[in-house]
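J.: First, the structure itself, so that you have it in front of you.
The values are calculated or read from the model by the stated rules, or taken from the named source; none is laboratory data. Quantities reported herein were computed from a predicted structural model and do not represent experimental measurements. So basically every Cβ, Gly included, is an ideal-geometry build from the backbone, and we count neighbours across all protein chains shown. Surface areas here come from the heavy atoms of the whole protein model, side chains and all, with no ligands, DNA or RNA. Shrake-Rupley method; radii C 1.70, N 1.55, O 1.52, S 1.80 Å.
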Amino acid sequence: MKLDSHEEELFIGDEWELNAVVSPKNATNQEVKWTSSERSVASVDKEGRVKALKEGVTIITCTTVIIVT
C-alpha cells in the first residue's frame, strides 16, 4: 500500500484528505481502515478525511482489511 502524503501540519478546524493505493491493483480486496492514535486531536473517517480537533500530535494509520472466509 502507498499513501499520497506522509506528514501535514493542520490548524484546529482544518481538514485534509489522505489517499491509499492498495497493491497490486488487481487485489480482490481494496478495503482499508483508517485510525487516529489520538482521536481527541484529530479524527479520520472511513474515506481518509482527517479533521484537526485540538492542538497536539497524532498518527493516522491506514491498514488493509483481511477478509477470512
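J.: Give the number of residues within region 10-35 that are over 10 Å from Val50 (Cα atoms) and hydrophobic (A, V, I, L, M, F, W, C).
T.: Residues in region 10-35 being over 10 Å from Val50 (Cα atoms) and hydrophobic (A, V, I, L, M, F, W, C): 7 in total.
J.: I would also like to ask the following. Give all pairs with beta carbons closer than 6 Å in which a residue from region 43-69 that is β-branched (Val, Ile, Thr) meets a residue that is open to solvent by 100 Å² or more (accessible area, probe 1.4 Å) and modelled with pLDDT of 95 or more; count only pairs at least 6 apart in sequence or on separate chains.
T.: Thr63/Lys33; Val65/Lys33
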